[in-house]
Amino acid sequence: MASHFYNSLFIVLSLLFIITGCSHNASHTSSDAASVSKEESATTLTGTWQVESIDKGGIIDSSMLTVELVTKNRISGFTGCNQFSGILNVKAGGLAEGEFSTSKLVTTRRACVAAMSAQEKRFVKALETASRYEIQKGTWLVIYDNDGKQRLKLISMSAQETAKNEKMDAATTGTHQFNCATAGNIEVRFLGPETIKLSENGNIHILQRARSASGARYIGMNTEFWNKGNSAVLSLQNQSYSCNK
């Protein structure tokens, strides 16, 4: 009788041990999955960012300052008047923070009104003194200098946000795909009323609307794009390509 009791007790304890172990493993697995999910959903630097403030001060309405981050060693964008590009040095210190510095920044030399020129200088100076970044709430990119002073605050332009800002003219509406002969396929998308993002062969160009006798013409650093209807002309590094949809 006693032997039967102890055998039954042993079986019950063994079942409890197995159930507890499974529960612990399930909890651990759930925790790991949540951790992976959090890491996978964390916002990265890659993409287009729109400047919301410089040195905690506002920017000129509709000036549409943008920063394009495609690789860890290249930065480009639009200053509100000119295109800029340069070398980017990034070293992640976590999911949403790390070192951030630029060098050899250059801009095109389009003449700007005084207020826009002054803003451009403030913007470029802020990039030149940058040393650290934080991504806040998966939406804001905040850039600080060596003294911990906030120099720039930018907002991520996701596909939905970009779509909301799209304003097209009669010559180009929506996102377009063009085939440009030996230059290959390109994609054109508006970032603002007069600013487009042109993607070609893994490269990103931010172009600004310019005067044109007909059609729509956009220019950037060593890049120009003109189109009317289904036809377009792409100029890269002084080489022109005929494009069609």
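Bear in mind these aren't lab numbers, they're just calculated from the coordinates by the rules spelled out. Please read all numbers here as calculations on a predicted model, not as lab measurements. Don't worry about glycine lacking a Cβ; one is built from the backbone with ideal geometry, like all the others, and counts go over all protein chains shown.
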Report summary line: If R0 = 22 Å, then residue 44 and residue 149, at their Cβ-Cβ distance, give a FRET efficiency to the nearest 0.05 of 0.35
Requested in this report: Sticking with the crude label model, points 7 Å out along Cα→Cβ, report the distance from residue 228 to residue 210 in nm, one decimal please.
Outcome: 1.7
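Looking at this model, which pairs from 104/245; 91/137; 153/245; 104/228; 125/245; 91/245 are more than 31 angstrom apart at the alpha-carbon?
Details: 104/245 36 Å; 91/137 20 Å; 153/245 37 Å; 104/228 36 Å; 125/245 40 Å; 91/245 40 Å.
In this structure, 104/245; 153/245; 104/228; 125/245; 91/245 exceed 31 Å between Cα atoms.
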Query raised in the report: If you find the alpha carbon centre of the range 178-215 and of the range 111-162, how far apart are they in angstrom?
Result: 24
Requested in this report: Note the per residue figure in Å³ for the convex hull of the C-alpha positions in the range 47-157.
Outcome: 92
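Apply 1/(1 + (r/R0)^6) to the Cβ-Cβ distance of residue 136 and residue 106, taking R0 = 22 Å, and write down the FRET efficiency to the nearest 0.05. Before the final figure, lay out the partial values.
Working: r = 29 Å, r/R0 = 1.34.
That gives a FRET efficiency of 0.15.
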**Report entry** Net length gained if the chain between residue 55 and residue 237 were fully extended (0.36 nm per residue, minus Cα distance)
**Finding:** 62.0 nm
